[in-house]
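First the structure, in the form of structure tokens, and then the observations on it.
The values are calculated or read from the model by the stated rules, or taken from the named source; none is laboratory data. This is a predicted model, so every value here is computed, not measured. All Cβ positions, glycine included, derive from the backbone under ideal geometry; neighbour counts span all protein chains shown.
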């Protein structure tokens, strides 16, 4: 398991550690904004991190092979390989492909490597400091990885609630992606966004999956409600019950066993109202959080 003494924010320690799954291994580095490199053993796949996101994964399928399969000629590839510096930069500078095409190939390369690590869990990992790679990056966040893990075939459910992910670099979007992306606000379900976009259902769903894969969309904080379980703290003489009848009814259902999502469905409360109630009660110190600390933190940041 990861050591609890590891530094936060960007600094990556030189150390070896074990983890049950690849997602567990990436949890701390991505949450704490590491920039550096993880190597998985015995496969020796290298996972490059930049500011809390995966920027590239190498050691699985060669980038050149993926690009040739995508339409790049072998002559163009040979010309780029003959140039000094990283292959991707040589391809961009030579005008052989666009930044969007390169990023798409890098994403396929990264996802293929991560799929292999899911199927065949490494025996241990080694982390090392390293500067950021040159752009373009894959930019896969932990939230995007969790979404892809739950829906590996691109089958994002209609009830998925997504928001715009933080992005620190320019992005070129096709018309379809833009028509869909502009309707996401972290509150609407995918079904509602697809309806508002007026795109064909299949076209809209493919665009949503593409945006998630490229780190432009991530699950909203509301999407974490099924992970949160809380209970009411013992009463004290200083604590006053909420003035709202709906808030009191909400409190009565906090039994330390039922998830927030099930409570909300049982009460038929709007998600927005329930999120505001939950975060308000938590800030007042009347709740004990039994599960979903990370998900609660995201809710507190949004509400």
Here the residues within the range 73-88 that are within 24 Å of residue 54 (Cβ to Cβ), touching a helix residue (DSSP H, G or I) at 6+ places or on another chain (Cβ under 9 Å) and surrounded by 11 or more Cβ atoms within 10 Å (Cβ to Cβ) are 80, 87, 88
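Output the number of residues of the range 269-303 satisfying the condition of being touching a residue at least 60 places away in the same chain (Cβ under 8 Å), closer than 19 Å to residue 233 by Cβ and surrounded by 18 or more Cβ atoms within 10 Å (Cβ to Cβ). So that I can check it myself, show each step before the final result.
Going residue by residue through the range 269-303, those that are touching a residue at least 60 places away in the same chain (Cβ under 8 Å) are 271-272, 289-292, 294-296, 298-299, 301-303.
Filter again for closer than 19 Å to residue 233 by Cβ, leaving 289-292, 296, 299.
Still in the running and surrounded by 18 or more Cβ atoms within 10 Å (Cβ to Cβ): 292, 296, 299.
The qualifying residues number 3.
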Say we look at the range 243-268 and pick out the residues that are more than 28 Å from the chain's Cα centre (by Cα) and within 13 Å of residue 288 (Cα to Cα); which of these is surrounded by the most Cβ atoms within 10 Å (Cβ to Cβ)? 254
Residues being surrounded by 22 or more Cβ atoms within 10 Å (Cβ to Cβ) and either at pLDDT below 80 or not in a strand (DSSP E or B) (or both) - total across the range 118-139: 4
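So that you can scan it fast, the table gives a plain yes or no per residue for (1) at pLDDT below 85; (2) in contact with a strand residue (DSSP E or B) (Cβ under 8 Å, 6 or more places away or on another chain):
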site	(1), (2)
46	no, yes
50	no, no
58	no, yes
72	yes, no
84	yes, no
97	yes, no
101	yes, no
Residue within the range 215-222 that is surrounded by 18 or more Cβ atoms within 10 Å (Cβ to Cβ), free of Cβ contacts under 8 Å to residues at least 60 places away in the same chain and farther than 22 Å from residue 295 by Cα present: no
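Yes/no matrix, rows are residues, columns are (1) in contact with a strand residue (DSSP E or B) (Cβ under 6 Å, 6 or more places away or on another chain); (2) touching a residue at least 24 places away in the same chain (Cβ under 8 Å):
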{"position": "170", "(1), (2)": "no, no"}
{"position": "181", "(1), (2)": "no, yes"}
{"position": "186", "(1), (2)": "yes, yes"}
{"position": "190", "(1), (2)": "no, yes"}
{"position": "198", "(1), (2)": "no, no"}
{"position": "202", "(1), (2)": "no, no"}
{"position": "210", "(1), (2)": "no, yes"}
{"position": "213", "(1), (2)": "no, yes"}
{"position": "235", "(1), (2)": "no, no"}
